[in-house]
Amino acid sequence: MKPSNSVRAGLLAQLFWAAFVIPPGAHWEPRTYQVGKLAVPSLYWKEGHLVVSAECRRPDGSVSCEAVKAVDRVNAKGLKMPPGGADPGAIACIQQAHGQVVVARTQTGGEAGFCAFEDGSLISTGSLDFHAHRNAGF
Amino acid sequence: MIGVILLLIGPLGSLTASADCSTIDMRGANQSMQGTQPMCQGAQGTCYAYTAAAMADAWARSHLTPPVNQSALDGIRPTSPTPLAASTRIFKRASRGATQSCNNMTGTCGPGDGLDGGNVEDCLKYLGPPNNGAACDHRQVFGESEVSYDFNRVQLDADYHPGDLAQPMDQVITERRTRRGLGSGGNFGTGRTSRFATRDGEVFFAGRDSDYLTRLNAAWDSYLAQLHAPTANEAEVARLMSRQLTCSLQEVGLPAAQIPGSLVDNTNEVLRRIFADSAHGNRQDFLNRYFAQACQGHTYRIAPDIPKPTVTDYRLSTHKHDQAALLQAINTSLERPRGTPVSISFCSTVLKNPSRVALASRPLPGHGVTNGGTASASDDLTMCREGETHNGMETPDASDHAALIMGRKQGPNGCMFLVRNSWGQSCERYLSDQQGFECEPATGDIWVDQNTLANVIYETVELR
C-alpha cells in the first residue's frame, strides 16, 4: 500500500526536523501568571515563540526542564483533533508532550493555557502550538 | 491593455466588498466588549460555547435598561462556557429527542457523548426565550479565588439546587421570574446589589478548567466500567471514583499544599453524591448535575432577552460562498448601533498560516465558488470547508472553529477584522511576520486581513 501524500509530507518533514536549540544569548522577558492562588513567574523568548516557567532557567543561565524538552516532542501532523476547535497546543500537551493542561490568569485578567509537567515546569500551549506546526514543516 | 484593466478592476473589487473601513473596536469605552479578555478553552472542543457566552454577555452589556455605568462592568465576564455547553446539550436533547442530531460535525447526540463540537446557535437558543436557560458565573466554577465585585443584577440562584439545570428550564425560569418579579432590568439591572466573596468551591477549581473537565469525563468512564463489574456496588463505586478524581486533581498544576485539605474533603463528598445520583443517568446528565452543583448560588438569566440568532450559511456546498456578500454582511453587523460581535464558523488554519489557506481556498471541483481561483484544493481544507471528519477526527491544521469578529480597521494591505479567539492570550502561537496578520500582545486578540479571513468563513451568527 502506497503512503498518502500527507504521510509522505510528514515523513519528509521528519527528515528536516531539527532539534530546538535555545541560544545562550536569547533574550527572555519576565512575565507572571496566576494558577489558582499560585503566582507563576515565567519567561518569554519572543524570537523562539516560547513561554516557560522561570525555574527552567538554571543558575548558569542555561534553560532546561521538562517543559522545554516537550518542544521537540510535539508535531501537528500526528495530532488527533476532536471536533470543536480545541486549542491545538493543549491537544499536543496531552497527546504528545504527556503533560496536563492548566488554565492560568494573565496579569491583564485574561486566560492562558499551560502544559504542566511532573518536574513542576510549565510551557504555554501557545508555544506548543507554534512548535508543533514548525516541527511538522508548516 | 488587459493589465491596465485588471489594475483598475482590482481596487474597485475591494471597494465593492467593503466601501467603508472606518475603525470599529467593540472593546472601546461604552462598547459591548469593553473590559473583556480572551478566555481559554484548552483541550475541550467547546469553541461554540465560548463564542456564544461572549455574544450573550455582550448583548446584555449593550442593551441594559437603564444603562449601567460601563466602568462598573470592567473585567466582568459572567457566563461560564462549559456549563453552558452541558446545559445546551441537555436542552437540545430534550427538545429534539436523543436520537436527533445535536452535532453537525459528528452527527451524534447520544447521551454518552461529551461536549466536543456543537453550534453557537443552539447555545444562544438555550439562553434566550422562550427557554431562558440559566447561565453560570464563570468565576464560580472555574474562576479566581478571592474575587469580589459589585454590580446590580437579578439573582435567580438562591433557590437553585443540584439538578435544576436538568429540569425543563421554562418551568424553572417561570417560577423564578414570578417569585422575584423579573421582567425588566436584566441580569445587570435593577435587582439588589450583590457582593460575592470567596467561597470554598471557588478556590478549589481555580485555574483548572480544561484539565478538570477531562478528568470529570474520565472519571465518568471509570464509573461506568466499575458499575459493569459483577460485584459493583453503586455507592461504593461512586465513593471510589470521587476519591480517585479528587486525588488526581492534586497532580494538576498546583502542589497539594496549595489546596486546603478541607476543600478536598468537601468537594469529594459533593462529587460522590453526584456520581451516586447519576447511577441511572448518562455522561451529559452527570456533567450537567455537576455544574448545577458548582454553580449553585451563582446562576442567573441573561437579560434583556436575547433575540433569535440570525444564522447565515456560506458553505461551498450550498453555493453561497460569495465573498463580497459575506464581507458586506459582517460589516453591516459591525456598524449597527449598540453593536455586538459577530460569530464566525471558519477554518482555524487561517490563524496559523494564511498562505496555506489562500492556496487551499481555491474552489473545490463541482462547487460554485465566487471568490476566484482554480480547481485544486488540498484535502485538509476540503474537509474543513465541508465540515466533514475523518474517523471522527478532524485534520490537525484544518479545524472547524468558531470565534468572534468584534471590530475592523484599515491595515497596510486593506481592511482587517479584529478576531477574539478562545485559545487564551498567547501571541507566541502565531507567526509574527505574516502579512495581513497582527496579534496584540496585551490582549491576544488578532487582526486578520478581511479577504483572507472571508475565504474560510462558512457561517455567521448574529444577534440583532
Could you tell me whether region B:232-251 includes any residue that is assigned to a loop (DSSP other than H, G, I, E, B) and modelled with pLDDT of 75 or more? yes
Would you pick out the residues in region B:21-59 that are under 16 Å from the mean Cα position of the chain (by Cα) and over 17 Å from B:SER87 (Cβ atoms)? B:MET33, B:THR36, B:GLN37, B:PRO38, B:MET39, B:CYS40, B:GLY42, B:ALA43, B:ALA58, B:TRP59
Sort out which residues of region A:84-115 are of a type outside the set (A, V, I, L, M), crowded, with 24+ Cβ neighbours inside 10 Å, facing another protein chain (nearest Cβ under 7 Å) and in a loop (DSSP other than H, G, I, E, B), and write them in order of number. A:GLY84, A:GLY85, A:ASP87
Single condition A:ALA39 does not satisfy, out of (1) within 9 Å of the chain's Cα centre (by Cα); (2) surrounded by fewer than 16 Cβ atoms within 10 Å (Cβ to Cβ); (3) of a type in the set (A, V, I, L, M): (1)
Of all residues in region A:34-73, count the ones that are within 11 Å of another protein chain (Cβ to nearest Cβ), free of Cβ contacts under 8 Å to residues at least 24 places away in the same chain and within 16 Å of B:ARG429 (Cα to Cα). 4
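Working only within region B:308-323, note down all residues that are farther than 12 Å from B:ILE457 by Cα and modelled with pLDDT of 90 or more. Working first, answer last.
Step one: list which residues in region B:308-323 are farther than 12 Å from B:ILE457 by Cα, which gives B:308-311, B:317-319.
Across region B:308-323, the qualifying residues are B:LYS308, B:PRO309, B:THR310, B:VAL311.
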Assuming B:ALA256 fulfils every condition listed in (1) crowded, with 21+ Cβ neighbours inside 10 Å; (2) modelled with pLDDT under 60 apart from one, which condition is it? (1)
Of residues in region A:126-138 being facing chain B (nearest Cβ under 7 Å) and of a type outside the set (Gly, Ala, Ser), the one surrounded by the most Cβ atoms within 10 Å (Cβ to Cβ): A:ASP129
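For region B:271-282, does any single residue satisfy the condition of being of a type in the set (A, V, I, L, M), at pLDDT below 75 and either out of contact with any strand residue (DSSP E or B) (no Cβ under 9 Å at 6 or more places or on another chain) or part of a helix (DSSP H, G or I) (or both)? Let's see the steps before the verdict.
Let us first name the residues in region B:271-282 that are of a type in the set (A, V, I, L, M), namely B:271, B:274, B:276, B:279.
Going one step further and asking which of them are at pLDDT below 75, we end up with B:279.
Then drop every residue that is not either out of contact with any strand residue (DSSP E or B) (no Cβ under 9 Å at 6 or more places or on another chain) or part of a helix (DSSP H, G or I) (or both), which leaves B:279.
Yes, because at least one residue in region B:271-282 is of a type in the set (A, V, I, L, M), at pLDDT below 75 and either out of contact with any strand residue (DSSP E or B) (no Cβ under 9 Å at 6 or more places or on another chain) or part of a helix (DSSP H, G or I) (or both).
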Which one is surrounded by the fewest Cβ atoms within 10 Å (Cβ to Cβ), of the residues in region A:116-125 that are at the interface with chain B (Cβ under 8 Å from one of its Cβ atoms) and of a type in the set (S, T, N, Q)? A:SER124
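The values are calculated or read from the model by the stated rules, or taken from the named source; none is laboratory data. Because the structure is a prediction, the values reported are computed rather than measured. Methodologically, a virtual Cβ is constructed for each residue, glycine included, from the backbone with ideal geometry; neighbour enumeration extends over all protein chains shown.
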